[in-house]
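Report on one structure; see the data block that follows.
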Amino acid sequence: MSANTADTYESFAWKIPRKLHTSGKPEETSETPQHSLRLGVLISGSGSNLQALIDAIENKQLTEVEIALVVSNNPNAYGVQRALKHNVPVIYLPWVRLAGTLSGEMSESEVKLTALLQLFKVDLIVLAGWMRILSAAFLEQFPRQVINLHPALLPDDGTGHIYTTQDGTHIPVFRGLHAVKQALDAGVKVTGSTVHYVTPEVDAGPVICREEVAIMPGDTEESLHERIKAVEHRLIVEAVRMCKSNI
């Protein structure tokens, strides 16, 4: 982050307009320019899925899509360096572990995040390894505009405790931070990755796309997670493409 960016960050007035966030589409005119889908990518770690999006945009796999802003709650996240290397706007936003869910209000950190996303006119928020739970009050500001990658298979509507695989096998639905380990511990033969819309209930939103991944004999949590990540890199690009057609 440059000194100028830091100064701007410190002096920014964290105020949210009364109007809820909209897609930012320009008003209709006889010469309305084509609107690019503006992504806000939230990261906490390595940013490999951020890199997948950057590569897809630069290679023209994703057209009329741009990353408007990357936000990291971790100043040491390697994803920050990925963004800087590709001249993508990035900011470190310290995250206070004081949720506003009990009062039905956003936390101070969510207020700041909302202001940033609105300032950069973000259309779609992508949680790419974002390790913080967002409150219902925050999600209300961006209805059906927040998507998440989850390293397990979710049912179509995101709810329920059983997933039916392509071969008809019923397996448990694994949610939370340790979904890969849960799949290994359960002894299932297949797991996968899902991109879904984010709802107040964790890892339970409507599915956008998903793909199954076979669990191999001798798989460890690390080896299985690496194969799932390779799938995630394809899915996140496909999910953004699908969301673009719906916004």
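The values are calculated or read from the model by the stated rules, or taken from the named source; none is laboratory data. Please read all numbers here as calculations on a predicted model, not as lab measurements. Virtual Cβ from ideal backbone geometry, glycine too; neighbours counted across all protein chains shown. Note: areas computed on protein heavy atoms with side chains; ligands, DNA, RNA excluded. Shrake-Rupley method; radii C 1.70, N 1.55, O 1.52, S 1.80 Å.
With 0.36 nm allotted per residue and the present C-alpha distance subtracted, the ARG234-ASN59 stretch has 61.6 nm of extension available. Among 151-161, 62-72, 39-49, sorting by the average number of other beta carbon atoms lying within 10 angstrom of each residue, highest first, gives 39-49, 62-72, 151-161. Approximating the spin labels as points 7 Å out from Cα along Cα→Cβ, the ALA186-to-ILE133 distance works out to 1.9 nm. Ranking TYR197, TYR92, TYR78 from most to least accessible surface, computed with a 1.4 Å probe over the protein chains only, gives TYR78, TYR92, TYR197. Between amide H atoms placed 1.01 Å from N, distances below 5 Å from VAL41 occur with LEU69, VAL70, VAL71, VAL126, all of them 5 or more places distant or on a separate chain. Calculated accessible area for region 84-219 comes out at 48 Å² per residue, all protein chains present (probe 1.4 Å; ligands, DNA, RNA ignored).
How high is the FRET efficiency between TYR78 and ALA214 when r is their beta carbon distance and R₀ equals 45 Å, given to the nearest 0.05? Walk me through the numbers before you get to the answer.
Details: r = 29 Å, r/R0 = 0.64.
Efficiency for this residue pair is about 0.95.
Between MET242 and LYS85, the contour length at 0.36 nm per residue exceeds the alpha carbon distance by 53.8 nm. Sparse packing (at most 16 other Cβ atoms within 10 Å of the Cβ) combined with a DSSP loop state is found for the following trypsin sites (Lys or Arg not before Pro) in region 54-94: LYS60. Residue by residue, region 211-223 carries 3J(HN,Hα) couplings of 8, 7, 10, 6, 8, 8, x, x, 4, 9, 4, 5, 5 Hz when phi is fed to the Karplus relation 6.51 cos²θ - 1.76 cosθ + 1.60 (θ = phi - 60°); x denotes Gly or Pro. Couplings 3J(HN,Hα) for region 123-140, derived from phi with the Karplus relation 6.51 cos²θ - 1.76 cosθ + 1.60 (θ = phi - 60°), are 9, 9, 9, 10, 8, 10, x, 7, 9, 9, 8, 9, 6, 4, 4, 5, 5, 4 Hz, where x marks Gly and Pro.
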